[in-house]
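Undergrad: Quick one: the structure is below, questions incoming.
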Amino acid sequence: MKLHTRLVQPDVAPGDPFHASTPPIYQTATFEQESALHGGPYDYQRSGNPTRGALEAQLADLDGGCRAFAFASGVAALSAVLRLVPAGGHVIAGDDLYGGTWRLLHRIGRDLGIAADLVDATDPAAVDAAVRANTRLILVESPSNPLQRIADIRALAGIATRHRVPLCVDATATSPWLCRPLDLGADLVVHSATKLLSGHGDVSAGAVVARDPDLAARIAYVQNAEGAGLAPFDCFLLSRGMKTLGVRLDRQQANAGIVARHLAERLPWVAWPGLPDHPGADVHARQARGPGVLVSFTTGSLERSAAVVDRLRRFATCVSFGSLRSTVCLPCTMSHASIDPGARRLPPDLVRLSVGIEDPEDLVDDLDRALG
Ligand SMILES: *Cc1c(COP(=O)(O)O)cnc(C)c1O
């Protein structure tokens, strides 16, 4: 089956005696055992639940993995991946990560005795050169959030394989509708499902998808042992949102293209991987089905950018992105404020739009009015 069909027709309730056509919400902490010595497929919500099981099977299918794991947030999913690295281990990560990922690596990771090197993930040779004997994880985003720099996933997977280090791609900005990093050789995919996968801005969730059973077993262990699995009702919400992933993203991307091309006529720097002069646009086109819904731009000063953000009416000023409602964010003071100012590589006047499914004319008019 093709992806559109698999989004709408997952096996929502395997074994359900009533043949529910949408995922039943198994709102129960425990499952009665057959006897003291014999349990069923589920025993305790933290370890697994049929609502979550159906969602995880669908997530694994969409990304082409052997298993997937749903977590309470994208950061919880990343945190589970970081557990693959023992104390004394070393992580190589892209140098313009999401703020929360930066904090996880540099604050929590440091407390766990894990060292992190941030390198330019658009340069495979730089990643190769950063590998040490104790490197246990390579973590990249492509396109990165919010600079939209493109990492060549296939090239990085080759390097990771050669050094026998797992490559994890945070594919929050693409979702399986646009890119399937496991097909390109990555070992793990992480999603903040809060963003594109849910698509309605009404649930916080994350996912890890593993290509091989070995890594999957290690993530499964962490999910149960640390207890950050996604709750049944949130699994239901995410399942519901995911059905329209393809139609939402096709429309959102078309709108993003209209917005990006319009802004590129007015402003000196606009980032959207669908613009022909976007650095790495050719690599992105090879590994993804579309440029995505994020459009970043600069205005020349923080004051001007803040004023533009405040004047916008069709773009709600929110952290997060990927909802079918358009939003705007000033990453330096919002989504990426958790990065130490000294380590921040973002222009302070960078504005990030997440383009929704509204009428694009309304969006362009709003931007023109706000830019003055
Ligand atoms: C938002 C985001 C995360 C974190 O996800 P949460 O659901 O907010 O915990 C991780 N990576 C990227 C690229 C993100 O944009």
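Please treat every number below as a calculation from the coordinates, not as lab data. For clarity, every value in this text was computed on a predicted model and none was experimentally measured. No Cβ is skipped: glycine too gets one built from the backbone with ideal geometry, and neighbour counts run over all protein chains shown.
Undergrad: Each label point is 7 Å from the Cα along the Cα-to-Cβ direction; what then is the distance between the points at Arg132 and Asp362, in nm?
TA: If labels sit at Arg132 and Asp362, their model points lie 5.2 nm apart.
Undergrad: Here is a follow-up. Most fluctuating residue of Pro176, Pro347, Pro41 in a GNM of the chain with Cα springs under 10 Å: which is it?
TA: Result for the chain, Cα springs under 10 Å: Pro41 fluctuates most.
Undergrad: Which of Asp359, Asp120, Asp212 moves most in a GNM of the chain, Cα contacts under 10 Å?
TA: The residue that fluctuates most here is Asp359.
Undergrad: Relative contact order of segment 244-307, please, whole-number percent, based on alpha carbon pairs below 8 angstrom and at least 6 residues apart.
TA: Relative contact order, segment 244-307: 35 percent.
Undergrad: Over segment 244-298, how many percent of alpha carbon pairs lie in each 10 Å bin up to the one with the longest distance?
TA: That works out to 25, 54, 20, 1, in percent per bin.
Undergrad: Pick from Ala36, Ala129, Ala216: which is most flexible by mean-square fluctuation in a GNM of the chain where alpha carbon atoms under 10 Å apart are linked?
TA: With Cα springs under 10 Å in the chain, the top fluctuation among Ala36, Ala129, Ala216 is at Ala36.
Undergrad: What is the Rg over Rh value, at two decimals, for segment 38-150, using alpha-carbon atoms and the Kirkwood definition of Rh?
TA: Taking Rh as the inverse mean 1/r over Cα pairs, Rg/Rh reads 1.04.
Undergrad: Let me ask something else about it. Among the chymotrypsin sites (Phe, Trp or Tyr not before Pro) in segment 265-336, which ones are in a DSSP loop with at most 15 other Cβ atoms within 10 Å of the Cβ? Mind listing them?
TA: Trp269
Undergrad: Separate question: Can you figure out the FRET efficiency of His200 with Arg107, using R₀ = 51 Å and their beta-carbon distance, to the nearest 0.05?
TA: On the way: r = 31 Å, r/R0 = 0.60.
Working from the Cβ atoms, E equals 0.95.
Undergrad: Rank the residues Lys2, Lys195 as a footprinting-exposure proxy: fewest other Cβ atoms within 10 Å of their Cβ go first.
TA: Lys2, Lys195
Undergrad: For segment 343-351, in order, what is each residue's ³J(HN,Hα) by Karplus, 6.51 cos²θ - 1.76 cosθ + 1.60 with θ = phi - 60°, in whole Hz (x at glycine and Pro)?
TA: 9, 6, 9, 8, x, x, 9, 6, 10
Undergrad: Which far-off residues, 5 or more places away or on another chain, put their amide H under 5 Å from the one on Val85, with H placed in the peptide plane?
TA: The answer is none.
Undergrad: With a Förster radius of 56 Å, plug the Cβ-Cβ distance of Trp269 and Asp43 into 1/(1 + (r/R0)^6) and report the FRET value to the nearest 0.05. Don't skip to the answer; put the middle values down first.
TA: Numbers: r = 54 Å, r/R0 = 0.97.
Given R0 = 56 Å and the Cβ-Cβ separation, E is 0.55.
Undergrad: Need one number: nm distance between label points at Glu34 and His19, each 7 Å from Cα along Cα→Cβ, rounded to one decimal.
TA: Simple spin-label model gives 2.6 nm for this pair.
Undergrad: Moving on to the next point. Please determine, in degrees from 0 to 90 and to the nearest 10, the orientation of helix 232-242 with respect to the longest principal axis defined by the Cα atoms of the chain, where the helix direction is its Cα long axis.
TA: 50
Undergrad: May I pose another question? May I ask you to list the residues of segment 178-201 whose amide nitrogen lies under 11 Å from a point 7 Å from Cα along the Cα→beta-carbon direction of Arg154?
TA: Only 184-185 pass the distance filter.
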